[in-house]
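Peer 1: Supplied in structure tokens, the structure appears directly below.
Please treat every number below as a calculation from the coordinates, not as lab data. Since we're looking at a predicted model, the values are computed, not measured. Methodologically, a virtual Cβ is constructed for each residue, glycine included, from the backbone with ideal geometry; neighbour enumeration extends over all protein chains shown.
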Amino acid sequence: MTGEPDVPAATAAREFAATLAQAWQTHLGTSLLGAYLIGSLAHGGFSRRYSDIDMAVVTEAGLTPADFDRMRAGAAAVSSELAAKLSIFWTDRTFSTGRFPPLDRADLLDHGVALIERERVHPPRPGLAEVRAYLTGKPFEGWAQGAAQFAALDTLAPKSHKPYLRAHLYPARFVYSFMTGRMGSNDDAVEWLKDHVPPGLDVALVAAALDCRHAAADPDMLFPSRGALPRQVAACAALVSESEAERP
């Protein structure tokens, strides 16, 4: 859940999102079917320092590049600081176009908070196989590459604080979603992981990263553990290989 120090930031982020939803309704008119909060503002655990502001937009036929650019520009006009944290997931009424990965569709189904809803149009629930295929593609590749790069660093630049902390937290999110097909908060994922630890995964290190996130602290305390990141990747890769070997 969102901690007390993060409550004012979460409130401001929700108000920002509500303002954007109203502006998007004015711009898109009846083509806008719904605008929603997803991510940590919906399922909990919003961090004043590390969280994005995730919004989902469902329209009749998706968004044009001009629509998207106007929406981003409008967000920056409301608050350049909060607009830098804004992540827009969008699609058409059939969920067949745009940017709306399987886990975010599951998040919308389980946790989505309607800001504007002219018509409730929700996707079919992604199956576990679809979620796993997605997770083991670009998300896993990106994490593995980032983990290797962080492990080789001599110093940690301030601009890398957020992705470095996420690299340490990702094993919990990955294992939780890979095994359940669901999207949950960092807190939920780490708690679940404690009872479902893949061989070789350092759960204490993941929990330390979660504590850092709760405190909105610099992750410098975790930097001496950067060499463990490739081992965390290897443990998750072994889980994937074991699951594939067990398929009929």
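Peer 1: Ranked by Cβ crowding within 10 angstrom, fewest neighbours first, how are 122, 214, 43 ordered?
Peer 2: Ordered by Cβ neighbours within 10 Å, fewest first: 122, 214, 43.
Peer 1: Enter the angle in degrees (range 0 to 90, nearest 10) between the Cα long axis of helix 161-180 and the first principal axis of the Cα atoms of the chain, meaning the one along which they spread out most.
Peer 2: For 161-180 against the chain, the angle is about 90 degrees.
Peer 1: Can you tally the net charge around residue 22? Count Lys and Arg as +1, Asp and Glu as -1, for every other residue whose Cβ sits under 15 Å from the Cβ of residue 22.
Peer 2: +1
Peer 1: Still on this structure: May I ask you to derive the relative contact order of region 116-248, considering only C-alpha pairs under 8 Å and at least 6 residues apart, and to give it as an integer percent?
Peer 2: 31 percent.
Peer 1: May I pose another question? Is it possible to state the helix-based mean residue ellipticity at 222 nm for the chain, with each DSSP H run of 4+ residues giving -39500 (n - 2.57), the sum divided by total residues, to the nearest 500 deg cm²/dmol? What is it? Mind showing how you got there, number by number?
Peer 2: Details: 11 runs with 135 residues, N = 248.
It lands at -17000 deg cm²/dmol.
Peer 1: Output the Kirkwood hydrodynamic radius of region 4-117, Cα pairs only, in Å rounded to one decimal.
Peer 2: After inverting the pairwise mean of 1/r, the radius is 14.0 Å.
Peer 1: As I understand it, the value is the acute angle between the Cα axis of helix 138-151 and the longest principal axis of the Cα atoms of the chain; what does it come to in degrees, rounded to 10?
Peer 2: Orientation of helix 138-151: about 50 degrees from the principal axis.
Peer 1: Give the distance, in whole Å, between the Cα centre of region 181-242 and the Cα centre of region 109-172.
Peer 2: 13
Peer 1: What does the net charge come to around residue 199 if you take all other residues with beta carbon closer than 13 Å to its beta carbon, with K and R at +1 and D and E at -1?
Peer 2: -1
Peer 1: For region 60-167, place one equal point scatterer on every Cα, skip the solvent, and apply the Debye formula. What is log10 of I(q)/I(0) at q = 0.11, 0.17, 0.20 Å⁻¹?
Peer 2: Calculated log10 I(q)/I(0) at the listed q: -0.52, -1.09, -1.22.
Peer 1: Tell me, what ³J(HN,Hα) does each residue in region 41-50 have, in order and in whole Hz, if you take phi through Karplus 6.51 cos²θ - 1.76 cosθ + 1.60 with θ = phi - 60° and put x for Gly and Pro?
Peer 2: Working through the residues one at a time gives 6, 9, 9, x, x, 5, 10, 4, 9, 10 Hz.
Peer 1: Here's a follow-up. Just report the Cα centroid separation between region 11-58 and region 78-108, whole Å.
Peer 2: Rounded to whole Å, the Cα centres lie 9 Å apart.
Peer 1: Within 10 Å, count the other beta carbons around each residue, average over each peptide in 195-207, 88-100, 145-157, and list them highest first.
Peer 2: Working: 195-207: 15.5, 88-100: 17.2, 145-157: 13.5.
By packing density, highest mean first, the sequence is 88-100, 195-207, 145-157.
Peer 1: Give me the log10 of I(q) over I(0) for region 128-246 at q = 0.11, 0.15, 0.16, 0.22 Å⁻¹, as the Debye formula computes it from C-alpha points; what are the numbers?
Peer 2: Debye output, listed in q order: -0.33, -0.62, -0.71, -1.33.
Peer 1: Using only C-alpha positions, report the orientation-averaged shadow area of the convex hull of the chain, nm², one decimal.
Peer 2: 13.6
Peer 1: Moving on to the next point. Using a Gaussian network model of the chain whose springs link C-alpha atoms within less than 10 Å, name the residue from 85, 138, 159 with the highest mean-square fluctuation.
Peer 2: 159
Peer 1: Counting Lys and Arg as +1 and Asp and Glu as -1, each charge on the Cβ, what is the dipole of region 128-246 about the Cα centre in debye, to the nearest 20?
Peer 2: 320
Peer 1: Going by how many other Cβ atoms sit within 10 Å of their own, how do 80, 31, 177 line up, fewest first?
Peer 2: Lowest to highest Cβ neighbour count: 80, 31, 177.
Peer 1: Let me ask you something else. Summing Lys, Arg as +1 and Asp, Glu as -1, what charge do residues with Cβ under 12 Å from the Cβ of residue 147 carry, residue 147 excluded? Write down the numbers at each step before the final one.
Peer 2: Working: positive: 166, 226, 231; negative: 141.
In short, +2.
Peer 1: Could I ask something else about it? With angles folded into 0 to 90 degrees, how steeply does helix 7-28 sit against the dominant principal axis of the chain? Use alpha carbons for both and round to 10.
Peer 2: Computed tilt is about 40 degrees.
Peer 1: Using θ = phi - 60° and the Karplus relation 6.51 cos²θ - 1.76 cosθ + 1.60, list the HN-Hα couplings for region 60-66 in order, rounded to whole Hz, with x at every Gly or Pro.
Peer 2: 4, 10, x, 10, 7, x, 5
Peer 1: Taking amide hydrogens as modeled 1.01 Å from N in the peptide plane, which residues meet the under 5 Å criterion relative to residue 33, leaving out close sequence neighbours?
Peer 2: HN-HN under 5 Å from residue 33: 58, 59, 60.
Peer 1: Running a GNM on the chain with Cα contacts under 10 Å, which residue among 132, 226, 118 ends up with the highest mean-square fluctuation?
Peer 2: Comparing 132, 226, 118 in the GNM, the peak value goes to 118.
Peer 1: Using Cα-Cα distances under 8 Å and only pairs 6 or more residues apart, what relative contact order does the chain have, in percent?
Peer 2: 19
Peer 1: Can you put 174, 140 in order of Cβ neighbours within 10 angstrom, beginning with the fewest?
Peer 2: With the fewest neighbours first, 174, 140 line up as 140, 174.
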